[in-house]
1. Along its three principal axes, how long is segment 33-189 when you only count alpha carbons? Whole Å, largest extent first please.
2. Nearest 0.05, what FRET efficiency do residue 197 and residue 266 give at R0 = 25 Å with Cβ-Cβ as r?
3. So what are the three principal axis dimensions of segment 222-271 from its Cα atoms, in whole Å, longest to shortest?
4. Project the alpha carbons of the chain onto their principal axes and report the range along each, largest first, in whole Å.
5. Computed FRET efficiency, Cβ-Cβ of residue 216 and residue 128, R0 41 Å: what is it to the nearest 0.05?
6. Let me test this: with uniform point scatterers at the alpha carbons of segment 143-296, what is the Debye-based log₁₀ I(q)/I(0) at q = 0.11 1/Å?
7. Counting only protein heavy atoms, what percent of the accessible surface of the chain is carbon or sulfur at a 1.4 Å probe?
8. What whole-number value in Å² describes the accessible area per residue of segment 188-256 for a 1.4 Å probe?
Amino acid sequence: MHSQTSTNETRGVVLMMTSVLLFAVNVLVIRGLALHMPGIDGWMASLFRSIAGFIVVILCFSRGGNLSLHHVFTNPLLTLRGILGSIAIVLFYITVVHLGAGRAVVINLTYPMFAAIIATLWLREPLRPLTFAWIVTGFAGLCIFLGSGHSSATLFYNLLGVAGAVLAAIVVVIIRRLHSTEHSSSIYASQCIFGLFVSLPVSGPSVGNLPPSSWFILLGAGAVVAFGQLTMTFSYRHLTVSKGASLQMALPLTTALGGFFLFGERFSALELTGAALTIAATIQILRAPKLTPALTKHPQPAS
């Protein structure tokens with residue numbers, strides 16, 4: 001019995017770390033394309049992620065009877081999830097393009113701190129004193145990370161990244177409410193559908209200006225993050241939410257290392273200190289009782 005439990009947990013860890021790797025690959029591919037092709041920006045990345053994600057949802061869930069696409073337009077909360085989630089993803093990819101992969105991911109993964117506060121205000125979930133202390137610590141680390149002597153342009157994209165994290169936090173709380181009435185496939189499909197509506201008017205006219213090879217790379221990157229989402233979901237069949245959430249925090253390190261070796265991205269000692277404080281605080285918030293279910297089922301690295 002103990003051996004079976006150990007085997008299942010090992011399987012869960014492997015699946016979770018696979019999802020982390022897939023999320024990191026998506027971000028690094030988008031970063032690399034943006035550096036070599038000026039026509040590829042956050043809007044373009046969001047468009048192809050939405051297309052690829054919708055294809056994956058249809059292929060994986062359309063035959064099971066659980067996918068309800070019409071609910072995306074008839075359930076106001078599901079519609080709101082799609083709109084806000086789509087904007088959050090656009091903002092995330094904009095920061096990937098302008099700030100670098102590692103920095104963008106660190107900022108984006110602060111969303112559990114905002115979600116804990118929003119859940120307290122909206123869902124009336126109790127906020128434990130220790131959790132509040134970790135939130136304060138996390139925000140202090142974020143201030144250190146964001147405020148270490150950057151240009152006004154960088155500050156603008158830093159703030160844009162924070163805005164995306166706040167939107168992702170709102171989406172996470174909405175998802176908590178939706179799970180009592182909607183299937184996960186419908187919740188994910190809403191993001192893909194409204195992602196098309198949000199990004200197509202902006203980036204659609206420019207798609208024809210890109211080399212066809214970039215279309216396939218972008219679609220591949222979108223499929224990678226979709227499968228990363230599914231792999232993460234499967235991992236929770238074998239892991240506690242607290243352990244799974246902690247493993248997800250390997251994403252900033254993985255992405256930062258990729259950015260360092262592939263694109264020469266650097267962090268100062270002060271920035272690393274702030275990032276470490278924020279990530280440590282986020283892990284503790286994710287491990288807190290009652291908050292973790294809302295924060296781990298459908299994260300937005302990569303919203």
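The values are calculated or read from the model by the stated rules, or taken from the named source; none is laboratory data. Just so you know, these numbers come straight off a predicted model, no measurement behind them. Glycine also receives a Cβ, built like all others from the backbone with ideal geometry; neighbour counts cover every protein chain displayed. Surface areas here come from the heavy atoms of the whole protein model, side chains and all, with no ligands, DNA or RNA. Shrake-Rupley method; radii C 1.70, N 1.55, O 1.52, S 1.80 Å.
1. 53, 48, 21
2. 0.10
3. Extents along the principal axes: 38, 27, 12 Å.
4. Result, largest extent first: 53, 53, 41 Å.
5. The formula returns an efficiency of 0.30 here.
6. Each listed q corresponds, in turn, to -0.61.
7. C and S fraction of accessible area: 69 percent.
8. Value for segment 188-256: 41 Å² per residue.
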